[in-house]
Each structure stands twice: as C-alpha cells, then as structure tokens.
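Just below is one structure, and these are the notes that go with it.
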Amino acid sequence: MKYKHILVALDLSEESHVLIDRAVSMAELLGSKVSFIHIDGTHGEIYPELIDIEAEPERKPLNEPSNKWLNDFQQYTQFPIESFWVGTGDLSHKVDKAVKANEIDLLICGHHHDFLSKIISYSRPLIHHSPIDILVVPITS
C-alpha cells in the first residue's frame with residue numbers, strides 16, 4: 001500500500017527521534033507527506049482545538065519546557081513537515097480528529113518496553129480507536 005500522509009505521535013522525549021526517523025524514511029521511499037502530533041494529557045482538555053504550530057509558529061500552546069521540545073522536533077529533520085498539531089486532552093480522540101480532517105492514512109507511534117508501559121499504555125487506546133493503519137515502533141531505553 002502506498003501511504004500518502006503519515007502522522008507521527010510524539011511524546012516529549014529523545015526517543016521520539018526514532019519515530020521521526022522512521023516516518024521520514026518511509027515518506028522518502030513512498031513520496032508521502034509527514035505531519036506530527038503531540039497531545040498533552042496531563043491536565044485534561046484545557047482547550048478543545050488542535051493548534052498547528054507549523055502554520056502558526058507564533059502560538060505557544062504549552063509551557064516553556066514543552067515548547068522547547070516541540071521546537072526541537074521541528075528542527076530535527078530537513079524533511080518538510082506538513083503540519084504539527086498540538087493539543088490537550090485524550091490522545092486517541094485528538095488523533096482520530098486529525099486523521100479524519102486531513103486524509104491521513106498511516107499513524108506511527110512508539111511503545112516503551114518497560115514495566116510502567118505494561119500498566120499504562122498510550123498506544124493501546126490508539127490501536128483501539130484508530131480508523132487507519134498503525135505502525136507501532138518498539139522503544140527500548
């Protein structure tokens with residue numbers, strides 16, 4: 001299958017570079033677009049909309065340390081990033097919203113292989129709610 005638009009779900013960690021590298025590698029082979037999404041679920045849904053920080057770089061939706069991570073991800077690759085959506089609330093619902101509104105056909109997310117991830121998994125709800133194909137990349141740290 002030829003994917004046209006790949007969405008990468010990023011957390012605020014160095015390990016997200018693995019996901020970006022995987023998406024860019026696939027996009028270069030397939031001629032796909034790449035977009036990023038980061039959803040901060042720590043404080044609930046502070047604002048309901050997704051902010052595209054590629055289209056509106058002056059908007060700083062999160063706190064300063066988080067915004068620094070987002071900027072790092074934007075600068076990490078030379079590959080053109082179509083959109084970078086940032087929001088708050090439930091990751092699986094926000095991803096579903098972005099997928100349907102932007103003709104995304106592949107989601108890339110990571111899954112840590114540690115004790116905490118066996119109890120609390122962010123990839124499990126994504127898999128349950130996703131209307132598109134998902135590539136789950138193992139993250140070993």
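The values are calculated or read from the model by the stated rules, or taken from the named source; none is laboratory data. No experiment lies behind these values; they were computed from the predicted model shown. Positions of Cβ are backbone-derived with ideal geometry, glycine not excepted, and every protein chain shown enters the neighbour counts.
Of the residues that make up segment 63-72, is at least one among the polar types (S, T, N, Q), closer than 19 Å to VAL18 by Cβ and modelled with pLDDT of 90 or more? Reasoning before the result, please.
So in segment 63-72, the residues among the polar types (S, T, N, Q) come out as 63, 66-67, 71.
Filter once more, keeping what is closer than 19 Å to VAL18 by Cβ: 71.
Okay, now just the ones that are also modelled with pLDDT of 90 or more, so 71.
Yes, there is a match, as at least one residue in segment 63-72 is among the polar types (S, T, N, Q), closer than 19 Å to VAL18 by Cβ and modelled with pLDDT of 90 or more.
Would you mind telling me which numbered condition in (1) more than 15 Å from SER16 (Cβ to Cβ); (2) modelled with pLDDT under 90; (3) assigned to a loop (DSSP other than H, G, I, E, B) GLN78 fails?
Result: GLN78 fails condition (2) only.
Identify, please: which residue in segment 70-88 is crowded, with 18+ Cβ neighbours inside 10 Å and of a type outside the set (A, V, I, L, M) and is, among those, farthest from GLU28 (Cα to Cα)?
Within segment 70-88, the subset crowded, with 18+ Cβ neighbours inside 10 Å is 70, 73, 81-88.
Next cut, of a type outside the set (A, V, I, L, M) only: 73, 82-85, 87-88.
Numbers: PHE73: 18, GLU82: 14, SER83: 17, PHE84: 18, TRP85: 21, GLY87: 27, THR88: 30 Å.
Restricting to residues being crowded, with 18+ Cβ neighbours inside 10 Å and of a type outside the set (A, V, I, L, M), the top hit is THR88.
Look through segment 98-121, keep the residues that are modelled with pLDDT under 90, of a type outside the set (A, V, I, L, M) and not in a strand (DSSP E or B), and return whichever of them is surrounded by the fewest Cβ atoms within 10 Å (Cβ to Cβ).
Keep residues of segment 98-121 that are modelled with pLDDT under 90, which gives 110-121.
From what's left, of a type outside the set (A, V, I, L, M): 110-115, 117-118, 121.
Filter once more, keeping what is not in a strand (DSSP E or B): 113-115, 117-118, 121.
Working: HIS113: 10, ASP114: 11, PHE115: 7, SER117: 15, LYS118: 9, SER121: 13.
Going through the qualifying residues, I end up with PHE115.
Take ILE20 and tell me if it is assigned to a helix (DSSP H, G or I) and crowded, with 19+ Cβ neighbours inside 10 Å. Outline the logic, then answer.
Numbers: assigned to a helix (DSSP H, G or I): yes; crowded, with 19+ Cβ neighbours inside 10 Å: yes.
Here the answer is yes, as ILE20 does meet what is asked.
Give me the pairs: first residue in segment 47-59 and under 17 Å from SER35 (Cα atoms), second residue small (Gly, Ala, Ser), beta-carbon distance under 6 Å, and six or more apart or on different chains, which are they?
Filtered contacts from segment 47-59: LEU50/GLY87; ASP52/SER83; GLU54/SER83.
Before we move on, is GLU58 modelled with pLDDT under 90, closer than 19 Å to ALA98 by Cβ and surrounded by fewer than 19 Cβ atoms within 10 Å (Cβ to Cβ)?
Details: modelled with pLDDT under 90: yes; closer than 19 Å to ALA98 by Cβ: no; surrounded by fewer than 19 Cβ atoms within 10 Å (Cβ to Cβ): yes.
Considered against the rule, which asks whether it is modelled with pLDDT under 90, closer than 19 Å to ALA98 by Cβ and surrounded by fewer than 19 Cβ atoms within 10 Å (Cβ to Cβ), GLU58 comes out as no.
Tally up the residues in segment 6-17 that are out of contact with any strand residue (DSSP E or B) (no Cβ under 8 Å at 6 or more places or on another chain) and part of a helix (DSSP H, G or I), please. Before you say what the answer is, go through the steps one by one.
So the first thing to find is which residues in segment 6-17 are out of contact with any strand residue (DSSP E or B) (no Cβ under 8 Å at 6 or more places or on another chain), and the list is 13-14, 17.
Those still in the list that are part of a helix (DSSP H, G or I) too: 17.
Of the residues in that region, 1 qualify.
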